[in-house]
Amino acid sequence: MRILGIETSCDETALAVVDDGRAVLANLISSQAHLHERFGGVVPEVASRAHLENLNPLLDLALRESGTTLKDIDAIAVTVGPGLVGALLVGITAAKALAFALGLPLIGVHHLEGHIYANVLAHGAIEPPFVAFLVSGGHTMLVHAPEPFRYRILGQTLDDAAGEAFDKVARFLGLGFPGGPELDRLAMMGDPDAIRFPRAVTQRGYDFSLSGLKTAVVRHVTAERGRGREPALEDVAASFQEAVVEVQVDKTLAAARDTGVATIVLGGGVVANTRLRALMSTRAEQAGIRLFTPPPELCTDNGAMIACAGFYRLSRGDRTALDVGASPGLPLG
Amino acid sequence: MQTLHVRSSSAAHTAALGRALGGLLEEGDLVSLSGDLGAGKTTFVQGAAAALSVSEPVLSPTFTLVRTYAGRVPVHHVDVYRLRAIQDVLDLGWDELLEGGGVVIVEWGDAIDAILPASRLEVRLTIPDGEADAREVVVQGLGDRWERAWPTVTGAVRAAAG
């Protein structure tokens, strides 16, 4: 079964063609380097107007790259939430139009379920129960999946998402915006124990809080400069990253232990962070837990993960009505 | 235009200022918030949201650009940090947000001065050189609405400082 997956929940206009929830025939994202010329270099964009401009050329390209015509498509999967309402609507409207015109089933997918299924694309079906740690620019969430398609949120951020905190601290350190990946690279050269930043252990067990840590970084650097000293930015980056990642790994492992699962699944753009991958991998191995991590290209928002999740939902008989709307605050569950 | 200078001594104090001003907000009001990273914008908004009877955690809107909460009136928390052009803000459905009722709180509002309504409350948070905890807070009221309410604003801010 060949599925067209459409994802426009935030910055990226993303389209993919995936066979049987596994074989990625095309997976295009509007901000990809080789598309810059075609799109005039004004990506990623947040406005729905940009999604609208990107969508049709991207669809043509995805079909051509996958050697597919619209007649070969068996179903349309699309992100219906959560996300920015105007951005979501562009993808949903396109998906509905295609499904209606081609007489194909439409399947709405939760963005975060998509991130979980990025692992299925890479590693094949993953049997619940498992704990998923979903971490990106807009989300930081620990989820327990007791059985297929059932999710219980264990905890989430109470202020900033991890990716956002990385980006903002990167900008403060002069690494540009978004500078999360730059911060990761700088941190590799620094000492993670140089500065003991507070570990954001919130009152509620699995929730996260990063606003205070971000402020602690600003305070540290400002105070050092006030004393006439220029702090070693690689040490600040490494120490900040360690404080973030340590809490994330501790809580994820604790969630797996407390729910009695033997599998952890990671998803979202921040999973590309090398320190998070390394520490999670070490600690999971010590605990005898199987860890699934998507390859970096499937960590960021993409259409293939939506097509994959859509395939599994269709396979069990799910269908979405053509009057579906955007759900900016759609809960996972 | 009315201006008030306050010195916040701590994050708790900044939150109290947020609560004090949040308590005065009514449907149709807009607050433009500015300040560097770590200056206390999140803390301030959390305080204001609490005063507006928002019970859920107030998450950063940086990535999603807008988050709406059900308080005693709808509270739209907007962040224009990532937007590059005024047109991007308009494309967000800006006019609908302003006219849709409820309270709008915009972070980094100073970047979109040109499209802010003439009547608004501006709050600017700055970190004084070499200081860790203290913040300079400047509150400005623009337009008749705030001209009239200024004695109340001054009273609420003073009470929060107490």
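The values are calculated or read from the model by the stated rules, or taken from the named source; none is laboratory data. Keep in mind that this is a model prediction, so the values were computed, not measured. Virtual Cβ from ideal backbone geometry, glycine too; neighbours counted across all protein chains shown.
Considering the stretch A:164-183 alone, what residues qualify as being part of a helix (DSSP H, G or I), under 20 Å from the mean Cα position of the chain (by Cα) and surrounded by fewer than 21 Cβ atoms within 10 Å (Cβ to Cβ)?
Those that are part of a helix (DSSP H, G or I), under 20 Å from the mean Cα position of the chain (by Cα) and surrounded by fewer than 21 Cβ atoms within 10 Å (Cβ to Cβ): A:181, A:182.
Just the residues that are more than 15 Å from the chain's Cα centre (by Cα) and polar (S, T, N, Q), please, taken from the stretch B:101-152.
Correct list: B:152 only.
Under 7 Å by Cβ, and 6 or more places apart or on different chains, what pairs join a residue from the stretch A:78-106 that is within 13 Å of chain B (Cβ to nearest Cβ) and farther than 18 Å from residue A:17 by Cα with one that is in a strand (DSSP E or B) and modelled with pLDDT of 95 or more?
The qualifying pairs are A:81/A:110; A:88/A:79; A:88/A:80.
Say whether the condition of being β-branched (Val, Ile, Thr) and in a helix (DSSP H, G or I) is met by at least one residue in the stretch A:81-90.
Yes, that holds for at least one residue.
Suppose we filter the stretch A:164-195 for residues that are at the interface with another protein chain (Cβ under 9 Å from one of its Cβ atoms) and of a type in the set (Phe, Trp, Tyr); how many remain?
Of the residues in the stretch A:164-195, 2 are at the interface with another protein chain (Cβ under 9 Å from one of its Cβ atoms) and of a type in the set (Phe, Trp, Tyr).
Please tell me if residue B:60 is out of contact with any His (no Cβ under 8 Å at 6 or more places or on another chain) and within 9 Å of another protein chain (Cβ to nearest Cβ).
Details: out of contact with any His (no Cβ under 8 Å at 6 or more places or on another chain): yes; within 9 Å of another protein chain (Cβ to nearest Cβ): yes.
Taking the combined requirement at face value, the residue satisfies it.
Which one of these is in contact (Cβ under 8 Å) with a residue 24 or more places away in the chain, among the basic types (Lys, Arg), farther than 28 Å from residue A:7 by Cα and assigned to a helix (DSSP H, G or I): A:225, A:257, A:219?
The unique qualifying residue is A:257.
Of (1) surrounded by fewer than 21 Cβ atoms within 10 Å (Cβ to Cβ); (2) closer than 24 Å to residue B:135 by Cα; (3) more than 11 Å from every other protein chain (Cβ to nearest Cβ); (4) not basic (Lys, Arg), residue A:205 satisfies all except one. Which?
Of the numbered conditions (1) surrounded by fewer than 21 Cβ atoms within 10 Å (Cβ to Cβ); (2) closer than 24 Å to residue B:135 by Cα; (3) more than 11 Å from every other protein chain (Cβ to nearest Cβ); (4) not basic (Lys, Arg), the odd one out for residue A:205 is (2).
Take the residues in the stretch A:145-163 that are more than 8 Å from every other protein chain (Cβ to nearest Cβ) and under 30 Å from residue A:186 (Cα atoms); name whichever of them is farthest from the chain's Cα centre (by Cα).
A:155
Mind checking which residues of the stretch A:100-128 are in a helix (DSSP H, G or I), buried (at least 23 other Cβ atoms within 10 Å of the Cβ) and over 12 Å from the mean Cα position of the chain (by Cα)?
A:121
Given the structure, is residue A:298 in a helix (DSSP H, G or I), surrounded by 21 or more Cβ atoms within 10 Å (Cβ to Cβ) and among the aliphatic types (A, V, I, L, M)?
Here the answer is yes, as residue A:298 does meet what is asked.
Would you check which residues across the stretch B:41-58 are in contact with a strand residue (DSSP E or B) (Cβ under 9 Å, 6 or more places away or on another chain), in contact (Cβ under 8 Å) with a residue 24 or more places away in the chain and among the small types (Gly, Ala, Ser) and list them?
If the condition is that a residue be in contact with a strand residue (DSSP E or B) (Cβ under 9 Å, 6 or more places away or on another chain), in contact (Cβ under 8 Å) with a residue 24 or more places away in the chain and among the small types (Gly, Ala, Ser), then B:48, B:49 are the ones that fit.
More than 13 Å from the chain's Cα centre (by Cα), within 12 Å of chain A (Cβ to nearest Cβ) and closer than 17 Å to residue A:329 by Cα - does that describe any residue in the stretch B:4-18?
no
Look at residue A:237 and say whether it is among the aliphatic types (A, V, I, L, M), more than 20 Å from the chain's Cα centre (by Cα), closer than 28 Å to residue A:261 by Cβ and in the same structural domain as residue A:280 (by TED's automatic domain parsing). Break it down stepwise before answering.
Values: among the aliphatic types (A, V, I, L, M): yes; more than 20 Å from the chain's Cα centre (by Cα): yes; closer than 28 Å to residue A:261 by Cβ: no; in the same structural domain as residue A:280 (by TED's automatic domain parsing): yes.
No, not satisfied.
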